[in-house]
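The values are calculated or read from the model by the stated rules, or taken from the named source; none is laboratory data. Please read these numbers as outputs of a predicted model, since none were measured by experiment. In this analysis, Cβ positions are derived from the backbone assuming ideal geometry, glycine residues included, and neighbour counts consider all displayed protein chains. Protein only, heavy atoms only, side chains kept; ligands, DNA and RNA dropped before computing areas. Shrake-Rupley method; radii C 1.70, N 1.55, O 1.52, S 1.80 Å.
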Amino acid sequence: MVRDAETEQLLRDYMGPIFRAAGISAKATQIVLVNERSFNAFVANGQKIFVNVGALMDSETPNEIIGVLAHETGHIEGGHLARLRQEITKAKALSVIGMLAGAGAVVGASQSGGRVGGAGTGAMGTLAGSQELVMRNLLAYQRTEEQAADQAALRYLTATGQSPSGMLKTFRRFNDAAIFQSGTLDPYRLSHPLPAERIAQLETLAKQSPHFAKKDSPALQARHDLMRAKLFGFTERPETVGRRYPLRDTSAPARYARAVQAYRSGRLSEALATIDALIREQPNNAYFHELKGQALLESGRALESIEPLRRAVSLTPSAVPIRAMLGHALVAAGEPRFLEEAIRELSNASIREPEFGEAFRHLATAYGRKGNIGMAELSSAQAFFNAGDLRNAQTQASRAMQKLPPGSPGYLKAEDIFNYRPPGSERS
Ligand SMILES: [Zn+2]
């Protein structure tokens, strides 16, 4: 998983209208960025949409990625995930019947995801027959869900005055046999079977949209281009970035990508000169200030990173990753005069997003340097808790409880962690 305030805000802006059209709460629906280059987007854990950064990098327009995420929203609205689980349970029950018939030969196959080749010896015919039936049932079920999600996506796009052409373009790309043969096995393709008839049906319906020819607004496209450039700069190798954004390309996205690449390759002064020029052109772009601060902070110049990060926070007060970075910079600067501000910024970040472990780690350092050991231990407990390390979390929480005034807000938080029992554990 990755955090990036710019990408997160853009995706929220893309999806707000779609969620409203679907009648689901934008607040309750989380979009999680996954640090994978392959194309993928999927729904898991109820209302969480996971998006690979690769899907954003492969989408040339906002409309393309909005279409794909509208389809995922269709799965949420339809409650498909919960029902798919039921179907899998049913399928498993059917597998058991197959297992009994196959008498012991089947165990390997069912564990290897139904691949018949994984089985041991004997009774192969029975196994193949029953497994195939199970798979056929599941696939037929999945096909219905995919079509329902397609149709839901078309409804949302029409309701929000957006074109379905981006979704169609993306799905067509996955249906292109040439791509499949070239060896790029995108997980999206595997989880979203795109038979020709599904594409054909989608195309017929899409072309009936009154907004088919509509384009994204230039402002939105500009933000999209900057976001993609940054993702390329952060995730691709220098040669790839150089090919995609050659020096002769003097557009803002190209310079943005090159600035990221320059600081990541240790060429800080080149990066700073490029970012400063971008800031002169767009002084209110929070993410340019953020990048300047990040480049300085990660190059060991924490003191100088504070000013640009403060500016970035003032331009986007709700961006938790930037606020946490400012808190980190204030701690890393190593001067006592910054500790109060660091604690304020990091507390603010952790209140907005209690599951953001990084903020708690820096908060623990800040409290420790201030000599407030009880709060330092509580912050460590919260960082461990978020990382899923319950043992260390509870050790730190019990230490914090010995130092914090009983009944104080910090004490109560420590007590909550100390008394926490994971769901499903024994109860008396
Ligand atoms: Zn789907």
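Before moving on, here are some points about what is shown:
- Whole-Hz ³J(HN,Hα) from phi, Karplus 6.51 cos²θ - 1.76 cosθ + 1.60, for the stretch 272-283, glycine and proline x: 5, 4, 5, 5, 4, 5, 5, 5, 4, 6, 10, x
- When the residues 24, 373 are ordered by accessible surface, computed with a 1.4 Å probe over the protein chains alone, the sequence from largest down reads 373, 24.
- Between residue 267 and residue 27, residue separation times 0.36 nm minus the direct Cα-Cα distance comes to 82.4 nm.
- Packing-based order for 46-52, 27-33, using average beta carbon neighbours within 10 Å, highest first: 46-52, 27-33
- For peptides 213-226, 260-273, 58-71, 347-360, sequence by mean Cβ density within 10 Å, most packed first: 58-71, 347-360, 260-273, 213-226
- For the stretch 5-87, the percent of C-alpha pairs falling in each 10 Å distance bin, counted from 0 to the bin holding the largest distance, reads 18, 55, 25, 2.
- Solvent-free Debye calculation, one equal scatterer per alpha-carbon of the stretch 326-428: log10 I(q)/I(0) at 0.09, 0.22 Å⁻¹ equals -0.22, -1.11.
- Treating each Cα of the stretch 189-324 as an identical point scatterer and summing with the Debye formula, the log10 of I(q)/I(0) at q = 0.09, 0.11, 0.16, 0.22 Å⁻¹ comes to -0.39, -0.53, -0.85, -1.30.
- Listed pairs 169/292; 169/230; 48/214; 230/413; 27/403 exceeding 27 Å between Cα atoms: 169/292; 48/214; 230/413; 27/403
- Measuring r between the beta carbons of residue 159 and residue 318 and using R0 = 30 Å, the FRET efficiency lands at 0.65.
- Using R0 = 45 Å, the C-beta based FRET efficiency linking residue 307 and residue 213 works out to 0.45.
- Highest mean first, the peptides 322-328, 252-258 sorted by other C-beta atoms within 10 Å per residue fall in the order 322-328, 252-258.
- Restricting the calculation to Cα atoms, the stretch 267-321 yields a radius of gyration followed by a Dmax of 10.5, 31 Å.
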